[in-house]
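Asks: What follows is a single structure, and I will ask about it in a moment.
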Amino acid sequence: MMKIVDSFNKVHCIINFLKKSGTFILTIIGISIYLILNTKLVNNYIISKNKDMLIGEISFINMVIILITPGLILLLIYIYIRFRDDLREDRGMRVLYNSRYNEVMERPKIKVKYHMIFGILILSCVLLFIYAINSNYVIYEDKIEKKKIFSFKEREYEYKDINEVIIGAKKRKSGGSFYYKIKLKDGDKIDLGRFTVCMENELETIQIINNIIRKNNIERKIDKTYFHRIVEDLDKKYVREYENLFKD
C-alpha cells in the first residue's frame, strides 16, 4: 500500500514539474513572439513613413521604450479590468436607467481617482511609445534627417555636415560588436551598429553609405583591433562585407 502511495506522489510531483515547465516554456515563447511582432511592426511603420530611405537609426532608450510600452499598456488594462470590482466604494450607489429593458438599475460607484490613475498611466505609455517610434535618424542617398515628433521642423543634414566617421569593433565576452559611428558637426552622433531599420540587407546598406562617405572625402577613423571577433564563425560572404567596411 505504501509503495502505491509513494508511486502516486512521484507521479504527482512529475505532473506538477511538467506543468511548471510548460508554463515557463509557453511564457518564453509568448515573449519571443511579442518581441518579434513588435519589432516587425515598428520596422514596417518607419519604412512606410520614410520613402526611399536607406537606413534608420533608433537610440537605445527609444528602442527599450518601443519594446516595453505596448506590453505595459496591455498589462495595465488587464489589471484595471481584473481588479475593477475591488475598487468600488462602500458608500452610495449610482442609479442607471436601462432604456432597453425599461428599468432602473443600481450599481456601486467606482472611485474616480482609480480611473484617473490608470487613465494617466496608460496615456503616458501611449505618448512615450509615439514619441520613441517617431524620434530617430533616417539616412538617404543625398541627406540625413533627424526626426522629432515634438519639433515643428525636422532637422536636415547634408553629407558635408558629417565631421568624421569612426568604424571599429568592441570586445565582448563572446565575440565582438560592430560599430559605425557618424559624428555630425553640431555634435550629434549616429551609430549604425546598434538598432537600425532598413529595407535591404543591413551590411550592404551600410556599405552603400560608406561609399557615399568616401566619395565626399569625409574623414574615416578605423580601429581593427577586435575586427577578428566580429567575423569569427561568419560566412565568407559577410566576412568580405566587413572587410570592405574596414578598408582604409
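The values are calculated or read from the model by the stated rules, or taken from the named source; none is laboratory data. Bear in mind that the values here come from a model prediction, so they are computed numbers and not experimental data. Please note: Cβ atoms are built from the backbone with ideal geometry, for glycine as well, and neighbour counts cover all protein chains shown. Calculation scope for accessible area: heavy atoms of the full protein, side chains included, ligands and nucleic acids excluded. Shrake-Rupley method; radii C 1.70, N 1.55, O 1.52, S 1.80 Å.
Asks: Between I46, I61, I66, I28, which is out of contact with any helix residue (DSSP H, G or I) (no Cβ under 9 Å at 6 or more places or on another chain) and either among the aliphatic types (A, V, I, L, M) or modelled with pLDDT under 85 (or both)? Write out each step before concluding.
Replies: On the way: I46 fails: out of contact with any helix residue (DSSP H, G or I) (no Cβ under 9 Å at 6 or more places or on another chain); I61 fails: out of contact with any helix residue (DSSP H, G or I) (no Cβ under 9 Å at 6 or more places or on another chain); I66 fails: out of contact with any helix residue (DSSP H, G or I) (no Cβ under 9 Å at 6 or more places or on another chain).
Criteria check complete, one pass: I28.
Asks: Given the condition surrounded by 11 or more Cβ atoms within 10 Å (Cβ to Cβ), in a helix (DSSP H, G or I) and modelled with pLDDT under 90, answer yes or no: does some residue in the range 208-219 qualify?
Replies: The answer is no; no qualifying residue exists.
Asks: Continuing with this model, one more query. Across the range 220-239, what is the number of residues that are surrounded by 11 or more Cβ atoms within 10 Å (Cβ to Cβ) and part of a helix (DSSP H, G or I)?
Replies: 7
Asks: Here is a further query. I'd like the full set of residues that are closer than 30 Å to E141 by Cβ and open to solvent by 90 Å² or more (accessible area, probe 1.4 Å), limited to the range 37-54.
Replies: Here is the first cut: in the range 37-54, the residues closer than 30 Å to E141 by Cβ are 38-54.
Correct list: K40, L41, K49, K51, D52.
Listed here are the residues, each with its yes/no results for (1) surrounded by fewer than 16 Cβ atoms within 10 Å (Cβ to Cβ); (2) under 23 Å from the mean Cα position of the chain (by Cα); (3) in a strand (DSSP E or B); (4) of a type in the set (G, A, S).
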| site | (1), (2), (3), (4) |
| --- | --- |
| V126 | yes, yes, no, no |
| F129 | no, yes, no, no |
| K146 | no, yes, yes, no |
| K173 | yes, no, no, no |
| I182 | no, yes, yes, no |
| G187 | yes, no, no, yes |
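Asks: Filter the range 107-144 down to residues that are in contact with an Asp or Glu (Cβ under 7 Å, 6 or more places away or on another chain) and at pLDDT 85 or above and give me whichever is nearest to G187 (Cα to Cα).
Replies: The residue in question is Y137.
Asks: Which of the residues spanning the range 48-87 are among the basic types (K, R) and under 20 Å from the mean Cα position of the chain (by Cα)?
Replies: Of the residues in the range 48-87, the ones among the basic types (K, R) are 49, 51, 82, 84.
Result: K49, single match.
Asks: Could you check how many residues of the range 194-207 are without any contact (Cβ under 8 Å) to a residue 60 or more places away in the chain and open to solvent by 30 Å² or more (accessible area, probe 1.4 Å)? First the steps, then the outcome.
Replies: Kept after step one, since they are without any contact (Cβ under 8 Å) to a residue 60 or more places away in the chain, are these residues of the range 194-207: 200-201, 203-204, 207.
Restricting the remaining residues to those that are open to solvent by 30 Å² or more (accessible area, probe 1.4 Å) gives 200-201, 204, 207.
Within the range 194-207, residues that are without any contact (Cβ under 8 Å) to a residue 60 or more places away in the chain and open to solvent by 30 Å² or more (accessible area, probe 1.4 Å) number 4.
Asks: While we're here: Yes or no: the range 165-186 includes at least one residue that is over 30 Å from T225 (Cα atoms) and of a type in the set (D, E).
Replies: The initial filter retains those residues of the range 165-186 that are over 30 Å from T225 (Cα atoms), namely none.
There is no residue in the range 165-186 that is over 30 Å from T225 (Cα atoms) and of a type in the set (D, E).
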